[in-house]
Amino acid sequence: MSAQVTVYGAEGCWKCTNTARALELAGVVHQVVDVDVDAAGLRDELRDRGIRELPYVVVDGGDSWTGLRLDKIVELRQLTLAAAS
C-alpha cells in the first residue's frame, strides 16, 4: 500500500497511543503528529474543521476517522498485504 497514514494525537491520549501501536503491529507505515507540539495552532485548526476527538487518522486518498478504530486498522492491514502480494 502506498498511501500515507497520519495519526494526529496528543501526549497522554491512550486512544492515540493505542492507535499508533495497532498500526505498527499491523505493519502499516504511519506518521504521528502531536497536535500540541509539532504544529502551532493545529489543534484549533482541527476543531474549526469539526474534529472533536483524537486521534484523528487520515489516510492519503480520502479515508479518515476519529478515535480508536480497530476495524479501520484491519482494513489498512488487508490493503497492505494485498499490495505486497
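The values are calculated or read from the model by the stated rules, or taken from the named source; none is laboratory data. These figures come from a predicted structure and were not determined experimentally. Ideal geometry is used to build each Cβ from the backbone, glycine not excepted, and the neighbour counts take in all protein chains shown. Just so you know, the surface numbers come from the protein's heavy atoms only, side chains and all, with ligands and any DNA or RNA stripped out. Shrake-Rupley method; radii C 1.70, N 1.55, O 1.52, S 1.80 Å.
Could you grab me the full set of residues in region 19-46 that are open to solvent by less than 70 Å² (accessible area, probe 1.4 Å) and either assigned to a strand (DSSP E or B) or closer than 30 Å to residue 84 by Cα (or both)?
From region 19-46, those open to solvent by less than 70 Å² (accessible area, probe 1.4 Å) are 19-20, 22-23, 26-28, 30, 33-35, 39, 41-42, 46; that's our starting set.
If the condition is that a residue be open to solvent by less than 70 Å² (accessible area, probe 1.4 Å) and either assigned to a strand (DSSP E or B) or closer than 30 Å to residue 84 by Cα (or both), then 19, 20, 22, 23, 26, 27, 28, 30, 33, 34 are the ones that fit.
Please find, within region 1-18, the residue that is most open to solvent (accessible area, probe 1.4 Å) out of those that are over 10 Å from the mean Cα position of the chain (by Cα) and of a type in the set (Gly, Ala, Ser).
Among those that are over 10 Å from the mean Cα position of the chain (by Cα) and of a type in the set (Gly, Ala, Ser), it is 2.
Restricted to region 47-85, and to residues that are assigned to a loop (DSSP other than H, G, I, E, B) and surrounded by 13 or more Cβ atoms within 10 Å (Cβ to Cβ), which residue is modelled with the lowest pLDDT? If you could, list the steps in order and put the result at the bottom.
Here is the first cut: in region 47-85, the residues assigned to a loop (DSSP other than H, G, I, E, B) are 49-55, 60-63, 67-69, 85.
Next, from what is left, pick out any that are surrounded by 13 or more Cβ atoms within 10 Å (Cβ to Cβ): 51, 54-55, 63, 67-69.
Values: 51: 95, 54: 96, 55: 97, 63: 92, 67: 97, 68: 97, 69: 97.
Going through the qualifying residues, I end up with 63.
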